[in-house]
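Peer 1: One structure, pasted below without further comment.
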């Protein structure tokens, strides 16, 4: 019963934290695309996505470590694991984003939302059960 309660609290806090990080991510993504591209290309979309993810994942690490999971794990180890996960998700995220935009011709702003949502559960599970797992 206690595990379920803890999971419920963690998923709610994680959802809020993820939403804040998404807003920052989406803002940076949009601003980079506005300033970088007259036409959306693979390169401009990739640069905007990478820029946005670097900023938002840094914020997200701090929020998740302190306020979501109340983690007391080793900072360096958690940071290495978190940013390794972030790099993996960025790689996959970028493939999905470019596929949706350039192959399926979905608007790049809508594709960004769909892409981010598709990694939510995977991201929560890895962070909750591996990276910020308190003993």
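What follows draws every value from the coordinates through simple rules; no lab data is involved. Note that this is a predicted model, so its numbers are computed, not measured. Methodologically, a virtual Cβ is constructed for each residue, glycine included, from the backbone with ideal geometry; neighbour enumeration extends over all protein chains shown.
Peer 1: Could you tell me whether any residue of the range 28-39 is in contact with a helix residue (DSSP H, G or I) (Cβ under 6 Å, 6 or more places away or on another chain), within 27 Å of residue 125 (Cα to Cα), in contact (Cβ under 8 Å) with a residue 12 or more places away in the chain and surrounded by 15 or more Cβ atoms within 10 Å (Cβ to Cβ)?
Peer 2: Yes, there is a match, as at least one residue in the range 28-39 is in contact with a helix residue (DSSP H, G or I) (Cβ under 6 Å, 6 or more places away or on another chain), within 27 Å of residue 125 (Cα to Cα), in contact (Cβ under 8 Å) with a residue 12 or more places away in the chain and surrounded by 15 or more Cβ atoms within 10 Å (Cβ to Cβ).
Peer 1: Now a separate question. Testing residue 92 on (1) assigned to a helix (DSSP H, G or I); (2) free of Cβ contacts under 8 Å to residues at least 12 places away in the same chain, one condition comes back false. Which one is that?
Peer 2: Single failed check for residue 92: (2).
Peer 1: Please work out if residue 68 is closer than 20 Å to residue 7 by Cα and surrounded by 17 or more Cβ atoms within 10 Å (Cβ to Cβ).
Peer 2: Answer is yes for this residue.
Peer 1: Which members of the range 95-115 meet the condition of being assigned to a loop (DSSP other than H, G, I, E, B) and surrounded by 14 or more Cβ atoms within 10 Å (Cβ to Cβ)?
Peer 2: Result: 106, single match.
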